[in-house]
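Presented below is the structure to which this report refers.
The values are calculated or read from the model by the stated rules, or taken from the named source; none is laboratory data. Please read these numbers as outputs of a predicted model, since none were measured by experiment. All Cβ positions, glycine included, derive from the backbone under ideal geometry; neighbour counts span all protein chains shown.
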């Protein structure tokens, strides 16, 4: 049966209820732009989404050399044919008229069009000059969570072994650094323990700071389908906002911002107090339980209630649900990761699972989620502040092994200290010790905290800034050289989602003008620099995406993220496959740790761990004495008050986040008409009580001000917790009169004008959810409500016309048996 | 007054001093954001240690509640330490990244001094069967060691860039 659904008005589409333990029924979502009919589609080309970490598998419809639509892949394990609103509509941005089509270079202060030879020559000569004068430490690379594995790996080799710099990180620092760190702290190694299929089997799902309905909408469809089926799971939601998840939960805890560790310690206290600990699991697979028991013995629900401002009875209720669960699935995202004590809190979620023995079985798993589509690849390939293949920079054996893979000497790979994290790279640039920064596929002039500071760093004369992107972003406008990049659908590569599923994304159409795949740009640079291995052969011996993938397979061999059983041929036509995939597991691996903990032994672990409060690194000797046999580590943490608390002048807490209709800095989603219309402008959310106390109403123009700066937006009155303001990121300036930032007639509108420069000392992930702020009226609203969606966590309290997409947002949903896409895929 | 009370007095001073110097470093290095925030967090530990020492000392006839009138001569402050380290250097003013390293080094040495006092106290309390003091020392010393590891980690991570940069 087919249906046509407005997927802006109804972002999650129709239901296909199913009972616990059954496979998730498929539902194929298809969207073709109006002028096109399925019969007119010439080719369907296989790919997966790069707009969130789900990795929804889809086919792109091609006609006359252009993309004309998308369709979910029914046979894929991740989405069974479903697509989220961003998957359905954002591809249209690829065809925008303002795509960068030629390189640009700065000439007399202005960016002017150039050609590839000139642009690359400028970059190569500056690199060589800096290497000679100041050494490798003067050059930094800041990349993305939206490129392909092949591109990250190539960048890693050229940065680490070619340049020899310690300064390479991804903007995954902003979204998944804590996920990686929490997994390393508990399991000794990165890599998602569970699988999205755990949603099919769980009897309890606890979502910690994870508005999955908006960040991973297709997996929320899966939860909604379970909720409507027999034996539906109970949900526990921890979130200060009235999210769709909260509305479906048995218990919703809305804590004060910055108090996650207190809340989690109370949950642990209750589970231990009520004797719901799996002592057999603890004895067989873990170390450290006694320390946790001691740490949380006084962390009663009443104690936490005073800190978190949630009723103790609700904490007890949540602990009861978690404590009696037979198959507990927990998921964690930015409400934990971008908040105070990020890693400490995320690790306490792991602890809940370890003490209850809820790991490695269907439905019993932890999803430490990712925000970006290929964040997992950034981490695996070492483009994020780790070494490739989850090697331990502090283990000389691992470095020697990597040097063997690259055929360079071990001391050619910097490993005297951990790879530099992004926020520190910007500090080095601010101080002048980094003189060249190459930014690929990301937009820090909107996405990093305290934007006035970031703009001033990027705009320095002494900093040579290279920006590689699709559009002339706020960051690109500050660059010395701008390189036009091809994107998804215009190049081939692989990407791995949050649950380790690897998908192949094939080239469907040509990129605009002279734009090139990021891989080709990095290869051009490597050729220009003439990087050599220790035998004098080219350091990078591959020339295309498949060659890069084969090289990566050699690097991943024997490591946790083993790709040796995969190939483009295997991935082509089939569904996504989860790593590790090798001779022992030729069909991939659904769950890690089914037979106990595999990668935590001192000789194999990715990290020796850190202090959860100070971030101080432990050494190998500490690790060996804590965990000689390589078990899971239960690490307690004490609660610390947030670094910025409300005051007389800044009486509110301020948090930021995204909505289902936008992604990253809106460079793509703002160029997709349906998505842009659903959330066209920044807005400010406050509770009814706070709005009334200030005499403010729906639609009033207000200013949010912090120590760092301010922004203006229209007020949306919601059921958000009292004392808290919410502003969506990442509304930037490219479509205003002052396209690089606020000024003139353009007031601040990016949330990060206001956010604090502070990061979790363990994961180094910036805190976007902990500022203290003031709220003031600028102008009384003239009647229209705030431009915020009504379908999401920003749902209004009063009457506001519902968000709709209209005829151009109608999507075909089919539950008929899907066509085999194999034969059609090119 | 015996050796235990003398050590309590010295440690009280040392923890107070470290708490203050962590705050001084936090203020001086506001633009080094990790150092700024973590130093404030860690100053709370030393402050709490000093209070607990003062409380425990009452049983030993000591009144340590009041802060000392002047910095102890044997414990140079951050500013003095930086002056001393740059004495004789041309210009004598350190660039901020080097100054940070020197300040971290100073904090590290202060925390190490405190940890050795805690060690002495653990041993003395065991010999004298002073269970309350033993418990105090056993609960505070691990945090002092964590302060030491933090300064050490920060120095290790920041030194490569700071020492290589052109100033």
Given A:422, A:394, A:429, A:486, which one is at pLDDT 95 or above, more than 25 Å from residue A:133 (Cβ to Cβ) and within 14 Å of chain B (Cβ to nearest Cβ)? A:394
Quick one: which of A:169, A:198 is more than 30 Å from residue A:445 (Cβ to Cβ) and surrounded by 24 or more Cβ atoms within 10 Å (Cβ to Cβ)? A:198
Residue ID - nearest to the chain's Cα centre (by Cα), chosen from residues in the stretch A:294-312 that are assigned to a loop (DSSP other than H, G, I, E, B) and surrounded by fewer than 20 Cβ atoms within 10 Å (Cβ to Cβ): A:309
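So which of A:560, A:580 is touching a helix residue (DSSP H, G or I) at 6+ places or on another chain (Cβ under 7 Å) and more than 14 Å from chain B (Cβ to nearest Cβ)?
Details: A:580 fails: touching a helix residue (DSSP H, G or I) at 6+ places or on another chain (Cβ under 7 Å).
Within the list A:560, A:580, the selection yields A:560.
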Selection count, the stretch B:128-167, where residues are over 30 Å from residue A:418 (Cβ atoms) and either surrounded by fewer than 15 Cβ atoms within 10 Å (Cβ to Cβ) or within 10 Å of chain A (Cβ to nearest Cβ) (or both): 7
Of (1) part of a helix (DSSP H, G or I); (2) within 14 Å of chain B (Cβ to nearest Cβ), residue A:157 satisfies every one except (2)
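Does residue A:588 fit the bill of being away from chain B (no Cβ under 14 Å), in contact with a strand residue (DSSP E or B) (Cβ under 6 Å, 6 or more places away or on another chain) and assigned to a loop (DSSP other than H, G, I, E, B)?
For residue A:588, the condition - away from chain B (no Cβ under 14 Å), in contact with a strand residue (DSSP E or B) (Cβ under 6 Å, 6 or more places away or on another chain) and assigned to a loop (DSSP other than H, G, I, E, B) - is met.
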Residues that are under 23 Å from residue A:374 (Cβ atoms): which helices (runs of 4 or more DSSP H) entirely in the stretch A:169-257 hold 2 or more of them? A:177-187, A:198-201, A:212-215, A:217-228
Of all residues making up the stretch A:35-71, the number that are in contact with a strand residue (DSSP E or B) (Cβ under 7 Å, 6 or more places away or on another chain) and farther than 21 Å from residue A:813 by Cβ: 5
Quick check on my filter: what residues within the stretch A:127-154 are buried (at least 24 other Cβ atoms within 10 Å of the Cβ), more than 15 Å from residue A:376 (Cα to Cα) and more than 14 Å from chain B (Cβ to nearest Cβ)? A:141, A:142, A:154
Within the stretch B:92-112, is even one residue in contact with a helix residue (DSSP H, G or I) (Cβ under 6 Å, 6 or more places away or on another chain), surrounded by fewer than 16 Cβ atoms within 10 Å (Cβ to Cβ), away from chain A (no Cβ under 14 Å) and over 19 Å from residue B:16 (Cα atoms)? yes
State whether one or more residues within the stretch A:369-386 are within 14 Å of another protein chain (Cβ to nearest Cβ) and surrounded by 24 or more Cβ atoms within 10 Å (Cβ to Cβ). yes
Out of A:638, A:550, sole residue that is surrounded by fewer than 20 Cβ atoms within 10 Å (Cβ to Cβ), within 14 Å of chain B (Cβ to nearest Cβ) and at pLDDT 95 or above: A:638
Residue list for the stretch A:1-13, restricted to those being loosely packed, with under 15 Cβ neighbours inside 10 Å and in a loop (DSSP other than H, G, I, E, B): A:1
Exactly one of B:70, B:65, B:74, B:56 is surrounded by 18 or more Cβ atoms within 10 Å (Cβ to Cβ), more than 13 Å from chain A (Cβ to nearest Cβ) and either in a loop (DSSP other than H, G, I, E, B) or modelled with pLDDT of 90 or more (or both), and that residue is B:56
Of the residues in the stretch A:392-417, those that are farther than 15 Å from residue A:161 by Cα and within 27 Å of the chain's Cα centre (by Cα) number 3
Selection from the stretch B:1-53 of residues out of contact with any helix residue (DSSP H, G or I) (no Cβ under 6 Å at 6 or more places or on another chain) and assigned to a loop (DSSP other than H, G, I, E, B) yields B:1, B:2, B:31
Quick check: anything in the stretch A:313-334 in a helix (DSSP H, G or I) and under 25 Å from the mean Cα position of the chain (by Cα)? yes
Residue in the stretch B:1-12 that is within 11 Å of chain A (Cβ to nearest Cβ) and in contact (Cβ under 8 Å) with a residue 12 or more places away in the chain present: no
Could you check the stretch A:426-545 for helices (runs of 4 or more DSSP H) lying wholly inside it with 1 or more residues that are farther than 28 Å from residue A:728 by Cα? A:518-529
So, in the stretch A:321-361, how many residues would count as being surrounded by fewer than 24 Cβ atoms within 10 Å (Cβ to Cβ), touching a helix residue (DSSP H, G or I) at 6+ places or on another chain (Cβ under 9 Å) and over 18 Å from residue A:597 (Cβ atoms)? 2
